[in-house]
1. Past the 25 angstrom mark, what percentage of all C-alpha to C-alpha distances in the chain do you count?
2. Roughly how many debye, to the nearest 20, is the charge dipole of the stretch 106-254 about its Cα centre, given +1 on each Lys and Arg Cβ, -1 on each Asp and Glu Cβ, and no other charges?
3. At 10 °C and a viscosity of 1.306 mPa s, what translational diffusion coefficient does Stokes-Einstein give for the stretch 1-146, taking Rh as the Kirkwood radius over Cα pairs? Give it in µm²/s as a whole number.
4. Using Cα pairs under 8 angstrom and six or more residues apart, how large is the relative contact order of the stretch 5-253, in percent?
5. If the reach is capped at under 14 angstrom between alpha carbons, list the aspartates and glutamates near Lys138, excluding any in the same chain fewer than eight residues apart.
6. Ordered by packing density, taken as the mean number of other Cβ atoms within 10 Å over each peptide's residues, highest first, how do 130-140, 190-200, 205-215 rank?
7. What's the center-to-center distance, using Cα atoms, between the stretch 187-242 and the stretch 141-163 in Å?
8. For a quick protection proxy, order the peptides 153-165, 78-90, 32-44 by their average other-Cβ count within 10 Å, most packed first.
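Just so you know, all these numbers are worked out from the coordinates, no wet-lab data involved. The structure presented is a predicted model; accordingly, all values stated were derived computationally and were not measured. Cβ placement follows ideal geometry from the backbone for every residue including glycine, while neighbour counts extend to all protein chains displayed.
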Amino acid sequence: MKPPVYFDSVSFAYPESSKVLDRWTLELPSGVTSLMGRNGTGKSTFMLLASARFLPQEGTVWLEGHKTHELNEDQKNRLASVVYQNMEFENEEPLGELLEFVLAQGYLETKAPGLLAEVIQVFELKDFLHQRTQNLSKGQLQRAIMAFALLYGSRVLVMDEPVFALEEAQKHRALEYLAGWTRQRELAFLYSAHEMELSQRYSDNLLLFYTDRPPRLGPTRELFQRATLEEAYQTPFALLKQHEALHRERLKQN
């Protein structure tokens, strides 16, 4: 069986900058993978390449067995759904109608009775189904966009900081549901969260990013260790939570 995402000697750089990825070869499994590491080590770029939103400048990215540079826009969307960091979304239709439309027009293989109602309940959307997305708070919009991603039915879910604006109970409820959804349907779910507990608790695997080498992939139970994390972040473990809290506050202010 082909892996959901495979990087074959992939390089990528932004204009007038050094390479963010330099000949990376990596195979991502199905299940839940959390991306961890310092800012600026390539996590967001990696997710955009993995979801075919960016194309490699060298090498090949395979998404569900397809070369990403050969996919059209419809194929990219069908294979991978992306929740961007601090994502904005405007539409003239109310949220409830949008959710129904995404479910009806998407690619979800199994549309069990009551699924839409379940998703609305899990992500706490009931009280603002009549509102337009541009009128939602940042936390409400994050929950709505995660619901869109699930209901659309892509085989690969990619989410960059999808829960930073949520209350603590909402973060856990959302990620627990996403993880269960992924494992039940044998999908791939990649996410980043500047909150170590969320990476440790809900992921099957960690992808640790470094400043001076390609990332390291392995089971969460093996890689989520004090010494391993300190090496990746180049920060004493006791300070990591402080740094993460500061980063989340900056995201909320943007």
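1. Working: 13773 of 32131 pairs.
That tail contains 43 percent of the Cα-Cα pairs.
2. Using only the charged Cβ atoms, the result is roughly 260 debye.
3. Using the Kirkwood radius from Cα pairs, D works out to 91 µm²/s.
4. Relative contact order for the stretch 5-253 comes out at 25 percent.
5. Leaving aside aspartates and glutamates fewer than 8 places away in the same chain, those within reach of Lys138 are Glu88, Glu90, Glu124, Glu161, Glu167, Glu249.
6. Result, highest mean first: 190-200, 205-215, 130-140.
7. 21 Å
8. Going by the mean number of other Cβ atoms within 10 Å, highest first, we get 153-165, 32-44, 78-90.
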